[in-house]
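What follows is a set of notes on a single structure, which appears directly below.
The values are calculated or read from the model by the stated rules, or taken from the named source; none is laboratory data. Note that this is a predicted model, so its numbers are computed, not measured. Backbone-built Cβ (ideal geometry, glycine too); neighbour counts: all protein chains shown.
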Amino acid sequence: MLISTREPRVNDRIRAKEVRLVAPDGGQIGIKSIDEAKWLAAELGLDLVEVAADARPPVVRMMDYGKFKYEQSVKAREARKKQTRTVIKEVQFRPKIGVSDYEVKRKRVQRFLGEGDKVKCTMRFRGREVTHPELGREILQRLVDDLGERAVVEVMPKMEGRQITMVLGPGKAPTEAPAEAPAEADPQEETTQEVSAADSVDSPESADVAEVTETEQSTETALPDEE
């Protein structure tokens, strides 16, 4: 049973002499005098709240009114957060727009769509430009093609006086390709390198070759120069 939007009568503010009493869990207790209902609520440490003032007799319920009001305010705040607020941004184009200006406006439209807003794209004509509306339609079609899945055409381009309007809504966000994992070193190559290094240090043949080389160098140095 819901309490009305206006502040209900609580405890001593209830004016009825007789009330239909409801337990804290929603169970029906029955018709009681207001004094008895207040006494039962006080015994449980609860408030007596009038939840249906227009009923005969009025319906009252035992509850912790302070806690109830807090819970209601939290629910109302959460409900406001969940409400979707539709915002329509507008970006204006010209049929003779330059490449750089077009890119600036395209990025602006893309940003608005990425933020969850709708975008009204307006193609404005000046002077005799209005005699060639196909030029404006081509630019709007190019915009749709460039945006791809980022945009959904909610209102198709239509002529309104000296301008063409089109409404875009947010589409799918582009998915990035997964980065390639770095190539792992071949364990065979690592093993081969380690073994080769060990052989170069511990191999007795290598040591003998080194000794022989040193001996030959010493011998050559000791020989006198022939005249």
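Filtered by the rule that a residue be assigned to a strand (DSSP E or B) and under 17 Å from K69 (Cβ atoms), the stretch 9-43 gives a lone residue, V10. Number of residues in the stretch 6-16 that are closer than 14 Å to W39 by Cα and free of Cβ contacts under 8 Å to residues at least 40 places away in the same chain equals 2. Number of residues in the stretch 13-27 that are loosely packed, with under 12 Cβ neighbours inside 10 Å and within 18 Å of D54 (Cα to Cα) equals 3. Residues of the stretch 24-39 that are hydrophobic (A, V, I, L, M, F, W, C) and under 15 Å from D12 (Cβ atoms): I34, A37, W39.
Would you check if E36 is within 33 Å of the chain's Cα centre (by Cα), outside the structural domain of E149 (by TED's automatic domain parsing) and either at pLDDT 95 or above or among the acidic types (D, E) (or both)? For E36, the condition - within 33 Å of the chain's Cα centre (by Cα), outside the structural domain of E149 (by TED's automatic domain parsing) and either at pLDDT 95 or above or among the acidic types (D, E) (or both) - is not met. Which ones in the stretch 31-57 are more than 11 Å from R20 (Cβ to Cβ) and among the basic types (K, R)? Residue satisfying the conditions is K38 alone.
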